[in-house]
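Chemist: Below you will find the structure I want to go over with you.
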Amino acid sequence: MSPLQQYALLFGMAVATVGFVAMLYLIARSFGRTVAEPAKDVPFTAGTLSRSPVWVRYHVRYYGFALLFLAFDMEMAYMYPWAVVYREVGMVALLDMGVFLAILFLGLVYGWSQAALRRQ
Amino acid sequence: MTLVAYLLLVFVGAYVVAVVEEWSTSGRLRPTAPLLHGLALLARESLTPRRHDRNLFEAGPTLLLVAAVLALVALPLAPGLLPVELATGALWLNAALVYVAVALLMAGWGPDGAYAMVGGFRFVGQFIGYAMLIVMPVTAVAMRAESLATIAVVESQAPLWNVLAQPLGFVLFLVAAMAVCFLPPFDQPVAAAELAGGVFGEYTGVRLVVVRLGRLVLVLTLALSVTVLFLGGWLGPWLPPAVWSLLKTLAVVLVMLSVGRYLPRLRTDWALEWGWKLGIPLALVNILWVGVVLLVGPA
């Protein structure tokens, strides 16, 4: 199969899965509908609607990790092609990536020393 | 034809995971329980919270199932039993698994419930902790296989399985795999005892069926990926290849589901700190170790 056909198949799988879910919903619908009753639609907190809104800005206390994560995630994009040709290229590949990873690791250590790896 | 056979095996596999999951939590082995529970849930009411964000609320469970299925079809059960032979199979696995975090965040935001929201954001934090521990061991596996194709990855393990060649990577990947499936001790987003169901607390009836199904396929996907990447996939004597894959996957499922019962729940910030201060340095050591062994070792 050509790559295009493979991705078409994967797209088909995604659509088929969504179709499967829709089919389950239709089966459930055929058993009966939801009866509207008071207080049935309150999200689970304390039996009442929460006093303060839930959809608010949320303090993401791990943002230090998140920023470092971006750097590491970008780096992984370079690692995959490198990993595939690693054995072919040999020692040069090890040294190249060694320097790259060492710099990145120093970044991690620096972040650690500056208390980035802590719940803020 | 391959696809149909594969999907049938996957369906059976997901069912077995459901049976094992109940056994690992309640200690009772009831082969018909998942079927009966599923049918009962289908017939129950599926409530929607008052002010839910409809798109996110509906998309969360579906996306969880779609992500699990898409990750799964890139993994081979046997040489001929692989629906999509991607040249970048290992990368595709990572890409599909990222959407688990998206799905859980959507499901957390959607219902406008405080507990669900907290669970969703907890899982994003956990994702930042485990993501690198998924990607880096896979890189080391690709280095040995000289390919990202999952078939080539299994074939590269014919002399020695990766679990023995790269034991460090295996342990890191297995722990991260449990975190992807939010199994205990990484069950922060759905923590029953403190968040009342957390992310999926507002899902009832048929929507809960989809959630549970997504979770089961996800566990199966991660167990199969551990098998393919580290336990030699279908390799093994006497039995047919597909049987070997399924047996090893079942063993991994048993480990993943039972280990967490003996550990306390891990707080998100602890998971993050352990992941970054211990996990990532170890993963880098693993890559270095594999690199040196590949250069000096036998070809």
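Chemist: Over every pair of different alpha-carbon atoms in chain B, take the mean of 1/r and invert it; report that Kirkwood radius in Å.
Modeler: 19.6 Å
Chemist: What does the charge dipole of chain B about its Cα centre add up to, to the nearest 20 debye, if the Cβ of each Lys and Arg holds +1 and the Cβ of each Asp and Glu holds -1?
Modeler: 420 debye
Chemist: Counting each pair of different Cα atoms once, what's the Kirkwood radius of chain A in Å, rounded to one decimal?
Modeler: 21.0 Å
Chemist: About its Cα centre, what dipole magnitude does segment A:31-92 give when the only charges are +1 on Lys and Arg Cβ and -1 on Asp and Glu Cβ, stated in debye to the nearest 20?
Modeler: Dipole of segment A:31-92, to the nearest 20 debye: 340 debye.
Chemist: Just how much of residue A:44 is accessible, in Å², when a 1.4 Å probe is used and the result is rounded to the nearest 10?
Modeler: 110 Å²
Chemist: Tell me the carbon and sulfur percent of the accessible area for the protein assembly as shown, rounded to whole percent, probe radius 1.4 Å.
Modeler: The value for the protein assembly as shown is 71 percent carbon and sulfur by accessible area.
Chemist: Something else: For the protein assembly as shown, what number results from the quotient of the Cα radius of gyration and 2.2 N^0.38 Å?
Modeler: 1.00
Chemist: Across every pair of different alpha-carbon atoms, what Kirkwood hydrodynamic radius in Å does segment B:211-299 reach?
Modeler: Answer for segment B:211-299: a Kirkwood hydrodynamic radius of 15.9 Å.
Chemist: Right, here's the next one. Using Cα centres only, tell me the gap between segment A:92-120 and segment B:92-162 in whole Å.
Modeler: 21 Å
Chemist: Using Cα pairs closer than 8 Å and at least 6 residues apart in sequence, work out the relative contact order for chain B, in percent.
Modeler: Value for chain B: 26 percent.
Chemist: Checking a compactness column here: for segment B:126-274, what do you get for Rg(Cα) / (2.2 N^0.38 Å), N being the number of residues?
Modeler: 1.12
Chemist: Which values of log₁₀ I(q)/I(0), to two decimal places, follow from the Debye formula for segment A:57-108 at q = 0.18 Å⁻¹ with a uniform point scatterer at every Cα?
Modeler: Normalising to I(0) and taking log10 leaves -0.65.
Chemist: How much accessible area is lost when chains A and B come together, counting both sides, with a 1.4 Å probe, in Å² rounded to the nearest 100?
Modeler: 6200 Å²
Chemist: Next up: So with the 1.4 Å probe, I'd like the accessible area per residue for segment A:59-120, rounded to whole Å².
Modeler: I get 59 Å² per residue for segment A:59-120.
The values are calculated or read from the model by the stated rules, or taken from the named source; none is laboratory data. Since the structure is predicted, the reported quantities are computational estimates derived from the model, not experimental observations. Quick reminder, even Gly has a Cβ in these numbers, built from the backbone with ideal geometry, and neighbours come from all protein chains shown. Heads up: the accessible areas ignore ligands, DNA and RNA and are worked out on the full protein's heavy atoms, side chains in. Shrake-Rupley method; radii C 1.70, N 1.55, O 1.52, S 1.80 Å.
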